[in-house]
Amino acid sequence: RENGVAPHSNDASREGRQQFYVPRTIGGLEIPNDLNLSKCTLLYIGDDLDIDSNNTNAHTRLLHILLRCNSSDGMQSLWSYSPLHKRFIADILNTTLSPTNSTAVSTALSRVLRRRYFLIQKAKLSTTIAILIGTTSNSYSFRRLLSRTRNRIQSTGRTVYTFAVGKLASSSSKLANFAEIDTFVIIACGETIAKFWKMEREEMLVPVITPMELDVALGIRDWDGRYSCDFGDLIRWDA
């Protein structure tokens, strides 16, 4: 398999034709396409559940795992185990973020979703939208998501630009130079997006939303409880 493309295993492969492969992932790990999440339990192994922090890849990865798995078509149960403290938790959402932060994980998660919804409402008023490419991927999933994002913005009569931003951590000051942009849509992995959310809260004056949130702002998708930044999920939900 190369660049997200896998050959057919039937007779068509001998004729040189190919089938595009769209991986399905949670927390960066690929899962079977036909896996029914609602019948599964997720066990998170890690010592820190502080999704408010966003200081490490582990924090941001857990945040997006919970956003995806706690949605309306998510996991049956969410468990965690801390190797450091040798502690098992049968309900992540009702435990505290950390020994020094008594906020419940579910409260922090709800706070994230409320802010996402607030930014969607602001994005609805946008007339000029810029797509930020925060990944070096050239997979079929990425190319399809980029193309459909541009097409959907243009179909509403809005102006669209596309920027390849490189290191997102140093991009906020550069993006501030584009005063005509009302909303940015970031296409990147979940961990990168969560890190950018923190910078957006502290340093940027306009909304930075995901492709799924853009669909809601454009009236293409309802805010129905499903949440994902995974390229494969977004493509499948279009089907």
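The values are calculated or read from the model by the stated rules, or taken from the named source; none is laboratory data. If you're wondering where the values come from, they're calculated on a predicted model, not measured in any experiment. Note that each Cβ is placed from the backbone with ideal geometry, even for glycine, and that neighbours are counted across all protein chains shown. Keep in mind that these areas ignore ligands, DNA and RNA; they rest on the heavy atoms of the full protein, side chains included. Shrake-Rupley method; radii C 1.70, N 1.55, O 1.52, S 1.80 Å.
Can you tell me which residue is least open to solvent (accessible area, probe 1.4 Å) among those in region 97-109 that are in contact with a strand residue (DSSP E or B) (Cβ under 7 Å, 6 or more places away or on another chain) and without any contact (Cβ under 8 Å) to a residue 12 or more places away in the chain? Here the answer is Ala104. The single condition from (1) of a type in the set (Phe, Trp, Tyr); (2) under 18 Å from Gln121 (Cα atoms); (3) open to solvent by less than 10 Å² (accessible area, probe 1.4 Å) that Trp223 fails is (3).
Within region 82-91, the residues that satisfy the criterion of being loosely packed, with under 15 Cβ neighbours inside 10 Å and part of a strand (DSSP E or B) are Arg87, Phe88. Picking from residues in region 212-239 that are farther than 22 Å from Asp182 by Cβ and assigned to a loop (DSSP other than H, G, I, E, B), the one that is farthest from the chain's Cα centre (by Cα) is Ala239.
If you check Ala130 against the conditions, is it more than 16 Å from the chain's Cα centre (by Cα) and buried (at least 17 other Cβ atoms within 10 Å of the Cβ)? In short, yes.
Results for (1) in a helix (DSSP H, G or I); (2) open to solvent by 60 Å² or more (accessible area, probe 1.4 Å); (3) of a type outside the set (S, T, N, Q), shown as yes or no for each residue.
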| site | (1), (2), (3) |
| --- | --- |
| Leu62 | yes, no, yes |
| Ser72 | no, yes, no |
| Met75 | no, no, yes |
| Ser80 | no, no, no |
| Val112 | yes, no, yes |
